[in-house]
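Asker: Just dropping this structure here.
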Amino acid sequence: MKSVQSNIKKAKKYLDKNLCIAIPTETVYGLAGNAYSKTAVEKIFNLKKRPKNNPLIVHYYNINNLRKDCYINNDFIKLYKKFSPGPITFVIKLRKSSKISKLVTNKQNTLAVRFPKHPLFRKLLKQLSYPLAAPSANISSRLSSVKASDVSEEFGSKVKFILNGGRSQIGIESTIISLIKEPTILRLGGIDIARIRRAIKKKVLIKINSKKKIVPGQSHLHYSPGIPLRINVKKPLKGEAFVLIKKRKISYKNYFYLSKNNNLKHAAKNLYSLLRKIKKDGYKMIAVEKIRNSGIGKSINDRLIRASKF
Ligand code: TXA
Ligand code: MG
């Protein structure tokens, strides 16, 4: 317990100095900095090598902290009550008077906000006098990090402090929904759209492949393990790492399980770390068998399709 407190204290010290650190969330690790500070936000973009026109998600402890930065509407309240804290990000209208750095939003008048569930991250947020801008803790277009050692692999000593919160429980990024006009899903993620539809009781549009590329999570090359990946594979090619969703007898020797019993939640949790491991093991190609396209399986398939555009 004592070390938890002292780590949070340390994290706060860095953040108060407008430095960025890595933080654990239930989806993936984030690279966090004071969202009100241009200096801190600039560091995030530079470290990630992220194009400046790709806005960041801002993380709040709760709705009260958000009110001074954003306008909230009924759709937001409904979904907030049902799913926050949790793996959902809302795009809502930013107040002109907000102190959020213009760099966060690329000068747009909307803001992506999220209320993370990870207890350690929540403890930290509660002690800060500002919200945290935090994109996923990886170099732009690569696989997100789901544990502290992934973050070290991505950034080496450039990230001065990692608040270690163990393995991310969900393993893929939050679902993003825009509530500016009609509710519109911009990125598939940790929360199933069917649940969102039920909670909001109205039509929910899906625009996850927008030509305008509002969300670079929508861009073609993304979530890339850095080697070619094929999907819906029945038979692997010689030398390919074969990724399976269900245990079975198999004569091919280079196989790996995402889940042993076709459990999509387990598969999501294991996805990025397995792809990282396969690359590290020295494989040059990955083949993934067909994954059921329901629930979080849709989000897994979304990531795999994008990763396959390498
Ligand atoms: O689970 C998550 O959401 C993780 C954890 C760390 O919270 N964060 C994350 O951030 O995935 P990032 O930066 O890797 O992805 C955020 C996505 C980007 O694709 C960005 O374009 C989009 O959110 N985004 C940010 N602000 C937006 C806005 N105002 N309108 C539309 N899309 C926005
Ligand atoms: Mg990302």
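The values are calculated or read from the model by the stated rules, or taken from the named source; none is laboratory data. Note that the coordinates shown come from a computational prediction; the quantities given were computed from them, not determined experimentally. We place every Cβ from the backbone using ideal geometry, glycine too, and count neighbours over all the protein chains shown.
Asker: Give K290, K246 a once-over and let me know the one that is within 23 Å of I193 (Cα to Cα), out of contact with any helix residue (DSSP H, G or I) (no Cβ under 7 Å at 6 or more places or on another chain) and modelled with pLDDT of 95 or more.
Answerer: K290 is the lone residue from the list that is within 23 Å of I193 (Cα to Cα), out of contact with any helix residue (DSSP H, G or I) (no Cβ under 7 Å at 6 or more places or on another chain) and modelled with pLDDT of 95 or more.
Asker: Quick check on the range 106-146: of everything there that is within 16 Å of ligand 2 (Cβ to nearest atom) and of a type in the set (K, R), which residue is surrounded by the most Cβ atoms within 10 Å (Cβ to Cβ)?
Answerer: That would be R114.
Asker: Go through the range 256-269 and give me each residue that's assigned to a helix (DSSP H, G or I) and under 16 Å from K290 (Cα atoms).
Answerer: Scanning the range 256-269 gives L264, K265, H266, A267, A268.
Asker: Counting only residues that are within 17 Å of the chain's Cα centre (by Cα) and more than 10 Å from V104 (Cβ to Cβ), which one in the range 40-50 is surrounded by the most Cβ atoms within 10 Å (Cβ to Cβ)?
Answerer: Per the criteria, the residue is K48.
Asker: Filter the range 122-147 down to residues that are more than 26 Å from N73 (Cβ to Cβ) and outside any loop (DSSP other than H, G, I, E, B) and give me whichever is nearest to ligand 1 (Cβ to nearest atom).
Answerer: Checking each candidate, the answer is S136.
Asker: In the range 154-167, what residues are buried (at least 16 other Cβ atoms within 10 Å of the Cβ) and either outside any loop (DSSP other than H, G, I, E, B) or touching a Lys or Arg at 6+ places or on another chain (Cβ under 7 Å) (or both)?
Answerer: E154, F155, F161, I162
Asker: For L66, are the conditions met, namely being surrounded by fewer than 24 Cβ atoms within 10 Å (Cβ to Cβ), over 18 Å from the mean Cα position of the chain (by Cα) and within 15 Å of ligand 1 (Cβ to nearest atom)?
Answerer: Here the answer is yes, as L66 does meet what is asked.
Asker: Considering only residues that are under 18 Å from G33 (Cα atoms) and not hydrophobic (A, V, I, L, M, F, W, C), look in the range 69-105 and name the one that is surrounded by the fewest Cβ atoms within 10 Å (Cβ to Cβ).
Answerer: Looking at the filtered set, the residue picked out is K102.
Asker: Restricting to the range 149-174, count the residues that are within 14 Å of ligand 1 (Cβ to nearest atom) and either within 30 Å of G297 (Cβ to Cβ) or of a type in the set (G, A, S) (or both).
Answerer: Qualifying residue count, the range 149-174: 11.
Asker: Name the helices (runs of 4 or more DSSP H) wholly within the range 1-102 that hold at least 1 residues that are farther than 30 Å from K207 by Cβ and more than 16 Å from ligand 2 (Cβ to nearest atom)?
Answerer: 2-16, 38-48, 63-66
Asker: So which pairs qualify, if the first residue must be in the range 26-54 and under 19 Å from P87 (Cβ atoms), the second must be in a helix (DSSP H, G or I) and modelled with pLDDT of 95 or more, the Cβ gap must be under 6 Å, and the two must be at least 6 apart or on different chains?
Answerer: Partner pairs satisfying both residue conditions: Y29/V151; L31/I44.
Asker: All but one of (1) hydrophobic (A, V, I, L, M, F, W, C); (2) away from ligand 2 (no atom under 16 Å from the Cβ); (3) touching a Pro at 6+ places or on another chain (Cβ under 6 Å) hold for I170, so report the exception by its number.
Answerer: It fails just one condition, (2).
Asker: Among residues belonging to the range 1-58 that are among the hydroxyl-bearing types (S, T, Y) and within 13 Å of ligand 1 (Cβ to nearest atom), point out the one that is nearest to K269 (Cα to Cα).
Answerer: Result: T27.
Asker: Next up: State whether one or more residues within the range 168-181 are surrounded by fewer than 18 Cβ atoms within 10 Å (Cβ to Cβ), part of a helix (DSSP H, G or I) and at pLDDT 95 or above.
Answerer: We begin by selecting, within the range 168-181, every residue surrounded by fewer than 18 Cβ atoms within 10 Å (Cβ to Cβ); these are 180-181.
Keeping just the survivors that are part of a helix (DSSP H, G or I) gives none.
Checked against the condition, which is being surrounded by fewer than 18 Cβ atoms within 10 Å (Cβ to Cβ), part of a helix (DSSP H, G or I) and at pLDDT 95 or above, the range 168-181 yields no hits at all.
Asker: Could you check the range 1-23 and list, in sequence order, the residues that are out of contact with any helix residue (DSSP H, G or I) (no Cβ under 6 Å at 6 or more places or on another chain), in contact (Cβ under 8 Å) with a residue 60 or more places away in the chain and not charged (D, E, K, R)?
Answerer: V4, N7, Y14, L15, L19
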